[in-house]
1. In whole percent, and with a 1.4 Å probe on the protein chains, what portion of the accessible area of the range 25-274 is carbon and sulfur?
2. For the Cα atoms of the chain, what angle does the longest principal axis make with the long axis of helix 76-95, in degrees from 0 to 90, nearest 10?
3. Kindly sort M73, M143, M241 by accessible area of their heavy atoms, largest first, with the probe set to 1.4 Å.
4. Where does the chain land at 222 nm, in deg cm²/dmol rounded to the nearest 500, when only DSSP H runs of n ≥ 4 count, each adding -39500 (n - 2.57), divided by all residues?
5. Taking the chain as a Gaussian network, where each spring joins two C-alpha atoms under 10 Å apart, which residue of T138, T223, T96 fluctuates the most?
6. Between helix 25-45 and the chain, what is the angle of the helix's C-alpha long axis to the longest principal axis, kept within 0 to 90° and rounded to the nearest 10?
7. If you roll a 1.4 Å probe over the heavy atoms of the protein chains, what accessible area per residue do you get for the chain, in Å²?
8. Compute the FRET efficiency between L26 and A150 as 1/(1 + (r/R0)^6), taking r as their Cβ-Cβ distance and R0 = 35 Å, and round to the nearest 0.05.
Amino acid sequence: MSAVTTDSPTGPVGPAPMAPPNVSPLRTAHQGLQLAWRSVLKVKANPEEVLGLILQPIMFVTLFVFVFGQAMMGDWQAYRDFLMPGIIAQSVIFATLGTGFSLSQDVEKGIFDRFRSLPIARSAPLVGAILGDLVRYTITVVMVLVVGLAIGFRPEGGALGVIAAGALILLFAFALCWMSAFVGMIVRTPMSVQAFGMIMMFPLTFGSSAFVAPESMPSWLQTVAVNNPVSHVVDAMRGLMLDGDVAGPVLWTLGWTAIITAVFFPLAAWAYRRRT
């Protein structure tokens, strides 16, 4: 079928955008995986980004363990064990801001306008970008663990507990990516994504059990921390990595993951269609 051109007062301006095809969920997932490879190649083509993924965990672990450890618990080794799941969660959660930033850049550069001319599902570029970003988050998890092991962290939950904790934070990050994607689609510039993202992520991470036990907080903040979804995922990771309570925090984390995805996936898809 030949392309349909649109006319303007000055003449033809090129092919009109194709109507979105009716694509099955399975086909959409396949297309998303194909576009995810594009995101992975972007990481490979930017060694500076890989360097940042390596250096940031070293900086976070070093600063929090050795600067705050003695003051927090009187023993930096004890604080190291308490902190490691929280540092992994914080590093991955902050990394999800890159999803919205990258999507906003692609829209600004017109890359998503090219996707509109392809016979693919409208949500496939979003799915592909987020699945590709999960590779970046996996690198972050591995690097934090490597730094932790280098300074003496020995998870009592063993390899299976560590793998389960890593899978859980990546699943939670997948949900947060849709929130980041929604922000990336509704703000005008990539820099605005960073600003709005920090406003959201700082209260979520620092107002949780990631760095201190909620019992040590003021009563009003305890209520916030106990009901914070980040507290649930960090508590679940502690249980898995340090052989503690697991069932309740894991169920809460899975529930929050489902809720966040159910809310922000359609919002991100709607904002993407509206923006492009």
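1. On the way: 8150 of 11590 Å².
The C+S portion of the solvent-accessible surface of the range 25-274 is 70 percent.
2. 10
3. Greatest to least solvent exposure: M73, M143, M241.
4. -25000 deg cm²/dmol
5. Most flexible of the set in this elastic network: T223.
6. Helix 25-45 sits at roughly 70 degrees to that axis.
7. Using a 1.4 Å probe on heavy atoms only, each residue of the chain averages 50 Å².
8. E between L26 and A150, to the nearest 0.05, is 0.25.
The values are calculated or read from the model by the stated rules, or taken from the named source; none is laboratory data. Since we're looking at a predicted model, the values are computed, not measured. Positions of Cβ are backbone-derived with ideal geometry, glycine not excepted, and every protein chain shown enters the neighbour counts. For accessibility, only protein heavy atoms count, side chains too; no ligands or nucleic acids. Shrake-Rupley method; radii C 1.70, N 1.55, O 1.52, S 1.80 Å.
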